Every structure is written in C-alpha cells, then in structure tokens.
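Undergrad: Structure provided below as structure tokens; questions to follow.
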Amino acid sequence: MNSTDNTIQALEWHEHIRLHPEMYIGNIGDGSDLEDGIYMILKGLIECSVDEFEKGYTQGLEIEIDSLNVSLREYGRGIPLDSVVYSTGGISVGIGARKDVVTTNGYKVANALSEEFKVNSYRSAARSWASYSKGVLVDQRIEEDKNQEPDGTWVKFTLDKEVFPQSYYRLEIVKDIVKHYAEKYKGFSISLNGYKQ
C-alpha cells in the first residue's frame, strides 16, 4: 500500500516525545533504578549547566526536588531573552547549533513530559519567561526584572503522572547523581535541597 498525504500523520514535537518517551529517556521505570527515565531527564538538565560551566560561564547550580516536582536554578549567562521558547520548545536543532543559545535537548524533553513546565531567563536586569502544559506553550513574555535577579536560568516543572504513573524521585539516588557531577567537574558548585554536595 502506497503512502499518501491522507495516510501520513505529522506529529508536533511534543507529541512525538510523549508518544515515544522511551526513545528519549529509555525505561520509564518507577524511580527505584538509576537508569529510570526521571533520572535521565534530571541528568539532561544538569548537563545543560555543565556545558555552561565548561565554557566558563557558571559556577553553580541549585536543585530542589520533591516527589515529581523539580526546580533548577543556574547562575550562568541565562538563555538569550528572545530565544527562551526556541531553546525549551519546538523542533530540536541539536547541541551547539547556535553558539549564543544555551540549549540542549534536555529542556525540551523535560518540557514535553511535564504536566507544567516554567522557565525564566535573567539577563542584564531583564527577564524572559515562558510557561507550558505538556509541551504546549501557554504564555510567554519579556519584561524588566524588578527583583534584579542574578543572571542565569531557572526551570521548574512537575513531571506528568500520565507518563510516570508509578515514578517518584528517590533522594538517595539523586544524591549519588549530584555527587558524581560535583566530583567529575571540580569547581562546579551543586546543591540539592539546600545542601551542597
């Protein structure tokens, strides 16, 4: 049977990730194994900060985790203000395709597999932010940063229970992950729930 325009289904970027999460994060699991999907997501986001660290732009990362709720605050360059949506949603362009954009697929995968995903980029007294639901953009804005936050990127998300019905983060496993990065990248300060590793 020949394919026609009527038989080919085009998926949005987030729909493909949600339909085939194993292609992006491996085994879904329940969070009891280091190789389970929720830890692949976390490591992908930590790698975003490691990339900044290796380029000399950041010294620290703060992680807060409770069940499926995660936030990461990195003190680096921050995503360019007009590139926040480009860097966290949409079709992937691959690592390093644009030198001025702080991005890897980590943001996009976490976004697509989250019930809620919020990102803030702080740069030079301005803030660019976007919010999503299951990968769909809900709102975005660039505005003055009245709180004068230090430059960097902050993401906060709640992983979707439809995708991870049995999963939750085990802090003992997360501690091992954080310790690994702290030991591998000397000088890269990383804290978990307020405690430096």
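Undergrad: Using DSSP H assignments, which helices in the chain have an axial alpha-carbon span of 24 Å or above and a mean Kyte-Doolittle hydropathy of 0.0 or higher?
TA: Qualifying helices: 37-54.
Undergrad: Per residue, how large is the accessible surface of the chain? Use a 1.4 angstrom probe and give square angstrom.
TA: Heavy-atom accessible area per residue stands at 53 Å².
Undergrad: Using only the alpha carbon atoms of the stretch 14-91, find the Kirkwood hydrodynamic radius as the inverse mean reciprocal pair distance, in angstroms to one decimal.
TA: Value: 14.2 Å, from the Cα pair sum.
Undergrad: Counting only GluC sites (Glu not before Pro) that sit in a DSSP loop (anything but H, G, I, E, B) with at most 16 other Cβ atoms within 10 Å, what is the longest stretch of the chain containing none of them?
TA: In short, 36-161.
Undergrad: Go ahead and estimate [θ] at 222 nm for the chain from helices alone: -39,500 (n - 2.57) per DSSP H run with n ≥ 4, summed, over the residue count, rounded to 500.
TA: Theoretical 222 nm ellipticity from helices: -8000 deg cm²/dmol.
Undergrad: Could you list, bin by bin from short to long, the percent of Cα-Cα pairs of the chain in 5 Å steps?
TA: 1, 8, 16, 20, 20, 16, 10, 4, 2, 1, 1, 0, 0
Undergrad: Comparing SER131, SER121, SER83, which has the greatest mean-square fluctuation in the GNM of the chain with Cα pairs linked when under 10 Å apart?
TA: Maximum among the listed residues: SER83.
Undergrad: Enumerate the calculated ³J(HN,Hα) couplings along the stretch 126-137 in order (Karplus 6.51 cos²θ - 1.76 cosθ + 1.60, θ = phi - 60°), each rounded to whole Hz, writing x wherever the residue is Gly or Pro.
TA: Values per residue, Gly and Pro as x: 10, 9, 10, 9, 8, 10, 9, 10, 6, x, 8, 5 Hz.
Undergrad: Follow-up. Quick one: pull the percent of accessible area on the chain belonging to carbon and sulfur, 1.4 Å probe, ligands and nucleic acids left out.
TA: 47 percent
Undergrad: Another question about this same structure. Charges at C-beta only: +1 for Lys and Arg, -1 for Asp and Glu. How large is the resulting dipole of the stretch 42-197 about its Cα centre, in Debye rounded to 20?
TA: 260 debye
Undergrad: Still on this model: For the pairs LYS55/LYS134; LYS156/LYS186; LYS43/LYS118, note any where the Cα-Cα span goes beyond 28 Å.
TA: LYS55/LYS134
The values are calculated or read from the model by the stated rules, or taken from the named source; none is laboratory data. For clarity, every value in this text was computed on a predicted model and none was experimentally measured. Don't worry about glycine lacking a Cβ; one is built from the backbone with ideal geometry, like all the others, and counts go over all protein chains shown. To get the accessible areas, we keep the full protein, side chains included, count just its heavy atoms, and leave off ligands, DNA and RNA. Shrake-Rupley method; radii C 1.70, N 1.55, O 1.52, S 1.80 Å.
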